[in-house]
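The values are calculated or read from the model by the stated rules, or taken from the named source; none is laboratory data. Not measured: the values here are computed from a predicted model. Cβ placement follows ideal geometry from the backbone for every residue including glycine, while neighbour counts extend to all protein chains displayed. Remember, those area values only see protein heavy atoms, side chains included, never the ligands or the DNA or RNA. Shrake-Rupley method; radii C 1.70, N 1.55, O 1.52, S 1.80 Å.
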Amino acid sequence: MRRAILPGSTGADGRPATLGVMGGGQLGRMFVQAAQAMGYFTAVLDPDPTSPAGLVAHYHVEAGYLDEQGLAQLMQRCAAITVEFENVPAAALLTLGAHRPVSPGADAVALCQHRAAEKAQFARAGVPCAPYARIETDADLDRVDAALFPAILKTSTLGYDGKGQVAVDTPAALAEAWAALARVPCVLEKKLALAAEVSVIVARDAGGAEVVFPLQRNWHRDGILAVTEVPARGVAPALAERAVAAARAVAASMDYVGVLCVEFFVLADGTLAANEMAPRPHNSGHYTIDACDVSQFDLQVRTTAGLPLVAPRLHSPALMLNLLGDLWFDAAGAERTPPWGAVLALPGAHLHLYGKASPRRGRKMGHLTVTAAEADAAREVAAQAAALLGLPPLPDA
Ligand code: ADP
Ligand code: MG
């Protein structure tokens, strides 16, 4: 077992224990904030001088992810390193991993960068996913089983928030859809009739100890997460147990170390299909900051530093609303500040803004978590917040 990097300790070089994160987005920012609360120093590597995490970390290494000097600086500062987005080049993690504990490791991150590799890993873990075919050559187009249609064509790499996806209703439309995605390697997935979407967040340490958060129920708008609710409304306990067991199996099958989120589709007959996974905390787990005694970011700090894992406890039902840049524009398209005063007058409203200077439509600017003693009360207050902000009504369970 690796030695823990204890909070507030100093290394052999006399420096305060410092944890590093590859990537400076909002996930990195919330990791940094959790690490700082425990007394760690923090360092972020991100080329953007105004990155949300770089703005709040003790050290910001402004460099590209493959920049050798930048990586050397990060290693020099940090006793251990984690990642905040899955597209960190595996080569950078291999370089860092040769000198420092890096979790999750390069292999797991590389796997999560590729949809087909992810699906193969789900299969190895005995977890079903939607029927699919790899589309990488012209010959693949002709081989596709007609039973896959209607389908969704997704780029194998670099897709997020519904980007890099095209609906393909018939076999005849496939070639054109692939051309629209520049004929990069893709997977063609059967379009499933979804009864619900849920996700499970697991934290696992190097000794194989695992803890999980309660299952979340998620609703998307335009391919972007819009609402998360816990406890997962309308999801039977037996189904939740199966999803949790599946997520654990996936983490164990990769000998994963870190925080992992597995997203699932729930079908009308109650069966589960794994959709995708993220080798890091996840947008659907942001509620854990305010509704659990230990958040997904606290657990990322613990897995990164080699500290003991403790099972998180949901102390309050919660509903999370994503705050996209759209809210920063009025009906006439003029920029505005959303009505935070009125929103913060609501009981149990917790506002998190990520410090991004320029709002853009579809850009994740922050999130609002509403906690309450009862799930219905959290939903009612969240509905009021949504109305104040000009968001669509909350989705029904
Ligand atoms: P991203 O990486 O952009 O999150 P996903 O594969 O998770 O991509 O797709 C985004 C959303 O699109 C999903 O959360 C779901 O709502 C919908 N979706 C994706 N694949 C399917 C599918 N095979 N059947 C039905 N809906 C799907
Ligand atoms: Mg997704």
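Overview of values
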{"quantity": "Candidate set from the range 260-299 (those that are more than 12 Å from the chain's Cα centre (by Cα) and part of a helix (DSSP H, G or I)); member that is farthest from HIS367 (Cα to Cα)", "calculated": "LEU299"}
{"quantity": "Entirely in the range 1-70, the strands (runs of 3 or more DSSP E) that have 3 or more residues that are closer than 24 Å to THR288 by Cα and modelled with pLDDT of 95 or more", "calculated": "18-22, 41-45"}
{"quantity": "Positions within the range 157-194 being surrounded by fewer than 16 Cβ atoms within 10 Å (Cβ to Cβ) and within 9 Å of ligand 1 (Cβ to nearest atom), in sequence order", "calculated": "TYR160, GLY162, LYS163, LYS191, ALA193, LEU194"}
{"quantity": "Contacts under 8 angstrom Cβ, first residue in the range 193-205 being at pLDDT 95 or above, partner part of a strand (DSSP E or B) and among the basic types (Lys, Arg), 6 or more apart", "calculated": "ALA196/ARG217; GLU197/ARG217; VAL198/ARG217"}
{"quantity": "Any hit, the range 122-137, residues being outside any helix (DSSP H, G or I), open to solvent by 30 Å² or more (accessible area, probe 1.4 Å), under 28 Å from MET22 (Cβ atoms) and of a type outside the set (Val, Ile, Thr)", "calculated": "yes"}
{"quantity": "Every residue from the range 222-245 that is within 16 Å of ligand 2 (Cβ to nearest atom) and either charged (D, E, K, R) or open to solvent by less than 20 Å² (accessible area, probe 1.4 Å) (or both)", "calculated": "ASP222, ILE224, LEU225, ALA226, VAL227, THR228, ALA243"}
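Results for (1) more than 11 Å from ligand 1 (Cβ to nearest atom); (2) at pLDDT below 95, shown as yes or no for each residue.
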{"position": "GLY223", "(1), (2)": "no, yes"}
{"position": "THR228", "(1), (2)": "yes, no"}
{"position": "ALA232", "(1), (2)": "yes, no"}
{"position": "GLU241", "(1), (2)": "yes, no"}
{"position": "VAL244", "(1), (2)": "yes, no"}
{"position": "ALA247", "(1), (2)": "yes, no"}
{"position": "ALA278", "(1), (2)": "no, no"}
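Listed here are the residues, each with its yes/no results for (1) within 17 Å of the chain's Cα centre (by Cα); (2) within 26 Å of GLY105 (Cα to Cα); (3) charged (D, E, K, R); (4) more than 14 Å from ligand 2 (Cβ to nearest atom).
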site	(1), (2), (3), (4)
ASP161	yes, yes, yes, no
PRO171	no, no, no, yes
ALA179	no, no, no, yes
PRO185	no, yes, no, yes
LYS190	no, no, yes, yes
ALA193	no, no, no, yes
GLY208	no, yes, no, yes
LEU215	yes, yes, no, yes
HIS220	yes, no, no, no
